[in-house]
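The values are calculated or read from the model by the stated rules, or taken from the named source; none is laboratory data. This one's a predicted model, so the numbers in the text were calculated from it and none came from an experiment. Quick reminder, even Gly has a Cβ in these numbers, built from the backbone with ideal geometry, and neighbours come from all protein chains shown.
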Protein chains: 2
Amino acid sequence: MVKKKITYKDAGVDIDKGNEAVKRIKKIIREIGLSSIEEIGHFGGFFPISIEKFKNPVLISSVDGVGTKLKVAFMVNKHDTVGQDLVNHCVNDILVHGAKPLFFMDYLAMGKLIPETVEEIVKGIAIACKENNCLLLGGETAEMPDFYKVGEYDLAGFIVGIAEKNKLIDGSDIKAGDLIIGLASTGLHTNGYSLARKILFEKLKLKPESYISELGRTVAEELLTVHKSYLHAVSYLIENGLLTGIAHITGGGITDNLIRILPENLMAEILLDSWDAPPIFKFLVKEARLRQEESFRTFNMGIGMVLICHYINKEKIISHLKDKKEKYWIIGEIKSGERKVIYIKREQRHRGAKE
Amino acid sequence: MVKKKITYKDAGVDIDKGNEAVKRIKKIIREIGLSSIEEIGHFGGFFPISIEKFKNPVLISSVDGVGTKLKVAFMVNKHDTVGQDLVNHCVNDILVHGAKPLFFMDYLAMGKLIPETVEEIVKGIAIACKENNCLLLGGETAEMPDFYKVGEYDLAGFIVGIAEKNKLIDGSDIKAGDLIIGLASTGLHTNGYSLARKILFEKLKLKPESYISELGRTVAEELLTVHKSYLHAVSYLIENGLLTGIAHITGGGITDNLIRILPENLMAEILLDSWDAPPIFKFLVKEARLRQEESFRTFNMGIGMVLICHYINKEKIISHLKDKKEKYWIIGEIKSGERKVIYIKREQRHRGAKE
């Protein structure tokens, strides 16, 4: 009897393909003009930290995944946007505390290592790192047979940023009377995709290439729109101490994310008709017959980031957002009361009278 | 016709289960006595960085996954060790550059969020963070229906450490004549599991609870042995400038990991009979009929970390390793020659004559 010889490659792990992927990663990073490429191949990434500018530097770090938005990328075999989603998501998560990005690392796990796909994914990561002045310090590409289907993968990212301690933003300066400003999202960003896919692909039996007239584009174009980074619009406002709170509207929507930064005895009163949710949200809410409460916990409903400021700074902020061509709306106000987020229609507020 | 109402929960994402998982995480972290628990719930983790002690601080960062070792945890529904594997792996990856850990973050993606399993996993992470004097700064727990089977998950980790620039270790001080010291691994650590599982469960049709007399324990006990951290054994050697190079023996084995730190025109000559590989490696190599070359690129073969030092420091290092009860062997020597790792038997070396 001839015994079958089992090699590591038979077992689904291909070190040579891994090496080819690393070569492609180095090339794409060089082309995009990110530095630190010589570090790839080390066990860890090196980041010399210049702290002369800081009195009390605080590192702010965050980890995130892309979630099931990846499934849409798999469907159309287009992998150069999900890395941008991931980096921008991470940048926003530390920006809300007042931090600027220092460096980023990715974790990419694939069922079967396909060097071309790795290259596309890392290209997206590198593009967004460059846009956000963030070093791509390294990453892990793992081949995981039996975990992911061929052509599928999971992607997570880790970011480290820095802020001066006394400029950290955590919502503790929020006062009654503060304004709530909403910055426009570009679409679903990276949340609500499990439900959106269920509605679009299972219930409505649409294809990624189906054109939806209400949206003016195809399903895939809508769903793969890149999650936006608010770094360049917001960092000036942070540096100048114009904001009392910032919330990144991700999973859990405005409801769950805005409440995180509210101090005790303050509520956020959101005016439902103060902005116009983009067509995709109206479409999904209608098709899923979501109650209002649920829609605001599932989707960002057109608001990707919420800024809170004292009323006195309103004009400065608006003028800056206009300069940056950032789409925004005044969407509500902080009021005294039980710590929660409530949604009201403008007429309800007027019936409330006092103002 | 009554339309079916699709909720976010129907789509496989359960925010309330997520909140329960967060509660359990907070509890376990409190019980284990890690600090920074109040940060959970923020968008990012805060790490005030004390850099007074450093002239030129460098942050060293690494990202890793557990790989298919997770499959063994799934088979026996035991989830409190994989987090330790992950943290220890990350700690070792930055230790080789001379860094001590500052903080850690995890990414956990599950098909169906099971709060009890999340708790077990995070317990392992928290135990290892505590052992390695590392803050658990935060994490992402994602529910990803359609990605992972019920009861399955992927787990990745991200570590940030710090070192003084002029004490960084990158192998550039390695000289011909330096000694190569191998520190014992506890088993497979986190590499070679795809192949090991194929041999044990597919070829030999063993069960996790099967007792293997050569190993003196069950398959699951062997395969779930925790990947060891070398922090406490090695950091004293780093602080005292006793090492010229360190390699963490992970995927790619001694061959691919040791070469990473070799300068040009130096080779690492490993003496094959200088240590005794634990039974699991002999068993797997025999059953898979691996060629020697392949076995040293697939498994750690009993060596979890390689230290390189000038000959003059040999006694100091050995004395310290003995104090720390760390199992070690002198496994080879650095020689002039083409940059590569070669394996020879002791008699071959003696035939080589010069010595």
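Numbers below:
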{"item": "Output for region A:179-219, where each listed residue is within 25 Å of A:Glu269 (Cβ to Cβ), at pLDDT below 95 and touching a helix residue (DSSP H, G or I) at 6+ places or on another chain (Cβ under 7 Å)", "result": "A:Gly192"}
{"item": "Failed condition for B:Ile317, given (1) modelled with pLDDT of 95 or more; (2) outside any helix (DSSP H, G or I); (3) not acidic (Asp, Glu)", "result": "(2)"}
{"item": "Odd one out for B:Gly252, checked against (1) in contact with a strand residue (DSSP E or B) (Cβ under 9 Å, 6 or more places away or on another chain); (2) crowded, with 18+ Cβ neighbours inside 10 Å", "result": "(1)"}
{"item": "B:Asp64, sole failed condition from (1) in contact with a strand residue (DSSP E or B) (Cβ under 7 Å, 6 or more places away or on another chain); (2) assigned to a helix (DSSP H, G or I)", "result": "(2)"}
{"item": "Number of positions in region B:129-165 that are surrounded by 19 or more Cβ atoms within 10 Å (Cβ to Cβ), in contact (Cβ under 8 Å) with a residue 60 or more places away in the chain and over 30 Å from A:Glu152 (Cβ atoms)", "result": "6"}
{"item": "Sole residue being over 25 Å from A:Leu188 (Cβ atoms), among the basic types (Lys, Arg) and within 20 Å of the chain's Cα centre (by Cα), chosen from A:Lys100, A:Lys78, A:Lys130", "result": "A:Lys100"}
{"item": "Of residues in region B:99-124 being under 30 Å from B:Gly171 (Cβ atoms) and more than 10 Å from chain A (Cβ to nearest Cβ), the one surrounded by the fewest Cβ atoms within 10 Å (Cβ to Cβ)", "result": "B:Lys100"}
{"item": "Filter result (assigned to a strand (DSSP E or B) and either out of contact with any helix residue (DSSP H, G or I) (no Cβ under 6 Å at 6 or more places or on another chain) or among the basic types (Lys, Arg) (or both)) within region A:114-149", "result": "A:Leu135, A:Leu137, A:Gly138, A:Gly139, A:Glu140, A:Ala142, A:Glu143"}
{"item": "Some residue of region B:267-284 being modelled with pLDDT of 90 or more, out of contact with any strand residue (DSSP E or B) (no Cβ under 8 Å at 6 or more places or on another chain), within 12 Å of chain A (Cβ to nearest Cβ) and closer than 23 Å to B:Asp85 by Cβ", "result": "yes"}
{"item": "Residue among B:Leu168, B:Leu195 that is in contact (Cβ under 8 Å) with a residue 12 or more places away in the chain, under 22 Å from the mean Cα position of the chain (by Cα) and within 29 Å of A:Phe47 (Cβ to Cβ)", "result": "B:Leu168"}
{"item": "Candidates B:Glu338, B:Glu326, B:Glu293, filtered to the one that is farther than 13 Å from B:Ile181 by Cα and either assigned to a loop (DSSP other than H, G, I, E, B) or in contact with a Ser or Thr (Cβ under 7 Å, 6 or more places away or on another chain) (or both)", "result": "B:Glu338"}
{"item": "In region B:154-201, the residues that are in a strand (DSSP E or B) and under 30 Å from B:Glu221 (Cα atoms)", "result": "B:Asp154, B:Leu155, B:Ala156, B:Gly157, B:Phe158, B:Ile159, B:Ile181, B:Gly182, B:Leu183, B:Ala184"}
{"item": "Conditions (1) touching a residue at least 12 places away in the same chain (Cβ under 8 Å); (2) touching a helix residue (DSSP H, G or I) at 6+ places or on another chain (Cβ under 9 Å); (3) crowded, with 22+ Cβ neighbours inside 10 Å: number failed by A:Ile261", "result": "(2)"}
{"item": "Residue, farthest from the other protein chains (Cβ to nearest Cβ), within region B:202-243, restricted to residues that are assigned to a loop (DSSP other than H, G, I, E, B) and closer than 20 Å to B:Lys322 by Cα", "result": "B:Asn240"}
{"item": "Residues of region A:231-249 satisfying the condition of being within 19 Å of A:Val87 (Cα to Cα) and either surrounded by fewer than 22 Cβ atoms within 10 Å (Cβ to Cβ) or without any contact (Cβ under 8 Å) to a residue 60 or more places away in the chain (or both)", "result": "A:Leu231, A:His232, A:Ala233, A:Ser235"}
{"item": "Subset of region B:63-88 (residues that are surrounded by 23 or more Cβ atoms within 10 Å (Cβ to Cβ) and at the interface with another protein chain (Cβ under 10 Å from one of its Cβ atoms))", "result": "B:Val63, B:Asp64, B:Gly65, B:Val66, B:Gly67, B:Thr68, B:Leu70"}
